[in-house]
1. Are there strands (runs of 3 or more DSSP E) fully within region 1-110 with at least 3 residues that are over 21 Å from Gly138 (Cβ atoms) and modelled with pLDDT of 95 or more? List them.
2. Which residues, taken from region 63-91, are small (Gly, Ala, Ser), surrounded by fewer than 23 Cβ atoms within 10 Å (Cβ to Cβ) and under 18 Å from the mean Cα position of the chain (by Cα)?
3. Assess whether Gln328 counts as being more than 16 Å from ligand 1 (Cβ to nearest atom), under 22 Å from His51 (Cα atoms), outside any helix (DSSP H, G or I) and at pLDDT 95 or above.
4. Filter region 126-138 down to the residues that are within 16 Å of ligand 2 (Cβ to nearest atom) and assigned to a loop (DSSP other than H, G, I, E, B), then identify the one that is nearest to the chain's Cα centre (by Cα).
5. Taking Lys123, is it in a loop (DSSP other than H, G, I, E, B) and basic (Lys, Arg)?
6. Could you check how many residues of region 264-283 are in contact with a strand residue (DSSP E or B) (Cβ under 9 Å, 6 or more places away or on another chain) and crowded, with 16+ Cβ neighbours inside 10 Å?
7. Can you name every residue in region 134-147 that is of a type in the set (S, T, N, Q) and buried (at least 17 other Cβ atoms within 10 Å of the Cβ)?
8. Hey, can you tell me all the residues within region 27-58 that are out of contact with any Ser or Thr (no Cβ under 9 Å at 6 or more places or on another chain), among the aliphatic types (A, V, I, L, M) and within 18 Å of Gly83 (Cβ to Cβ)?
Amino acid sequence: MSATILAIESSCDDTSAAVIRNGVVLSNIISSQKVHAQYGGVVPELASRQHQLNIIAVVDIALKESRILKSQVDAIAVTRGPGLLGSLIVGVSFAKSLALSLGIPLIDVHHMKAHVMAHFIQKPYPVFPFLCLTVSGGHTQIVLVNDYLDMEVVGSTRDDAAGEAFDKTGKMLGLDYPSGPIIDKLARKGQPRFEFPKSKIPGLDFSFSGLKTAILYFLRDELSKDPEFVQREMANICASVQKSIIDMLMEKIIRASEIYNIREIAIAGGVSANSGLRKRLVEEAEKRHWNRYIPELQYCMDNAGMIGIAAYYKYLVGSFADQTISAQPRMPF
Ligand code: KG4
Ligand code: ZN
């Protein structure tokens, strides 16, 4: 059976379309919205308007680049949730209309499950069961993955997500949004000279709000002694914050590996683009004899390639959605 899927992702501030044939990504076009940088975070109303402006062109380019005609597409896949309601609605209504007009099935995809499924874009694939630390702007989860369509969250954040911890720290330091990649870059020039208290949440759950408060008070105290502190110590502050976040993430994935006795360890989501986290996973994997899986950068961020791969495995078992579905901003896992 041959399967060609056109996938659409619009859950946050990236408009993306991809074409996937028999599980192989032929094109993966991502249009990132720059309009939010000046506001220090994603402005939902602006995001949906940008999706509306971009979606036709992005889909068109994805089709052209893959050399696939609309008439050759077998199914339309779309992120149904979780995400921003207005942003999701643009993708979902576009996908529904396209599926209806072409007379082909529609496949709804869970955005966080798709981040995990990004590991089936490039070989070597993880071996089931594996653990995936999924770290993005809105979520921080440890996912136990038993099969393509069988996964459960075994640990998650009680407050801020890891990406949010990067972004909120960046805001305090006067950096643009999203601050994760900027902190990553600056951290490479600094040393983790400052220590912040780590949250002590039992089990596999995370908490980052304490770190945020600790950074806030630390900066306030240091700035009262030296108004130039942030400018002078920027790289060291970034290296210290990044190390604290990575320490907290790694502590829990190590614990999960012990609890479930699983040595197949993956990372996914926007924060998995972080060079410090990637390096640390390689080191821990060597030390602990894990097989580790790190997606290529374009598949860490929000992208339709991962939506298409997740949809491909639903396509194979005939798991389709109908025209009554709507966007689900708080879609259960
Ligand atoms: O998965 P993603 O693209 O979107 C969501 O589903 O949220 O993740 C975006 C998040 C943002 O918080 C951003 O600051 C963070 O990923 N991020 C990074 C890096 N690149 C993106 N955080 C740390 N280091 C990076 N290199
Ligand atoms: Zn995401």
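The values are calculated or read from the model by the stated rules, or taken from the named source; none is laboratory data. Worth saying up front: this structure is predicted, and the values here are computed from it rather than measured. So basically every Cβ, Gly included, is an ideal-geometry build from the backbone, and we count neighbours across all protein chains shown.
1. It comes to 4-9, 14-21, 24-32.
2. The answer is Gly81, and nothing else.
3. No, not satisfied.
4. Here the residue is Ser136.
5. Yes, satisfied.
6. 13
7. Thr134, Ser136, Thr140, Gln141
8. Across region 27-58, the qualifying residues are Val35, Val43, Leu46.
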